[in-house]
Amino acid sequence: MRTLITGGVRSGKSFHAESLVVAAPDVTYVAPGPPPDPEFDPDWAARVEAHRARRPEHWKTAETADLERAIAMADGTVIVDCLGTWVTALISELDGWDKTLDDWEPEFWDRVERAVQAMTAHAEDVVVVTNEVGWGVVPEHRSGRLFRDLLGKVNQRFAMDCDEVLLVVAGRILRL
């Protein structure tokens, strides 16, 4: 089973994803975002630590932007949390914050495709968490618009190969 869970910030997406797999004997939690740096961004570091503390001790954790490899190497059920932080890490890694959507790197889309293929090839369940973007104000800065547009397209690509897509709003789950 492949499940994509989307929704707004603090909507309950991660908690719901974890609740779907809590009974699985082997879980690998893939955190593909930028590594926490308490000196540079204490809020991000605190959020990462809260997620770590909430996970059962027997779950394995892979903190890496190499999403394809992390999924391929995982044992048992996989949670990816989240595509939004992964896209952020890829944009930074590819030095792409000043680019437009039209001139975006083929390498980015190749990595998206390989990650989707790893998800579909994985023998056990995969639950992917992402952010739903673009329902609010148009971002003032080009980088915000780039992120919104890239993540929207990445979400669509993952959703195409998922068996189920869930929208979480205010802790309530809607099947799409």
So, in segment 67-104, how many residues would count as being outside any helix (DSSP H, G or I), surrounded by fewer than 15 Cβ atoms within 10 Å (Cβ to Cβ) and of a type in the set (D, E, K, R)?
3
Condition check: among the charged types (D, E, K, R) and on the phi > 0 side of the Ramachandran plot. Does Asp95 satisfy that?
yes
For segment 50-66, which positions are small (Gly, Ala, Ser) and not in a loop (DSSP other than H, G, I, E, B)?
Ala50, Ala53, Ala62
Cβ contacts < 9 Å: first residue among the polar types (S, T, N, Q), restricted to segment 151-174; second residue assigned to a strand (DSSP E or B) and surrounded by 20 or more Cβ atoms within 10 Å (Cβ to Cβ), any location; separation 6+ or different chain. Result?
Asn155/Leu4; Asn155/Thr6
Looking at segment 48-60, can you tell me whether even one residue there is in contact with a Gly (Cβ under 9 Å, 6 or more places away or on another chain), in contact (Cβ under 8 Å) with a residue 40 or more places away in the chain, farther than 24 Å from Leu151 by Cβ and not small (Gly, Ala, Ser)?
no
Mind checking which residues of segment 114-146 are under 12 Å from the mean Cα position of the chain (by Cα) and either in a loop (DSSP other than H, G, I, E, B) or surrounded by fewer than 20 Cβ atoms within 10 Å (Cβ to Cβ) (or both)?
Thr130, Asn131, Glu132
Whether any residue in segment 38-59 is surrounded by 15 or more Cβ atoms within 10 Å (Cβ to Cβ) and acidic (Asp, Glu) is what I want to check.
no
Checking Val30 against (1) more than 23 Å from Glu132 (Cα to Cα); (2) part of a strand (DSSP E or B), only one condition comes out false. Which one?
(1)
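Bear in mind these aren't lab numbers, they're just calculated from the coordinates by the rules spelled out. These numbers were taken from a predicted model, which means no experiment stands behind them. Positions of Cβ are generated from backbone atoms using ideal geometry, with glycine treated the same way; all protein chains shown enter the neighbour counts.
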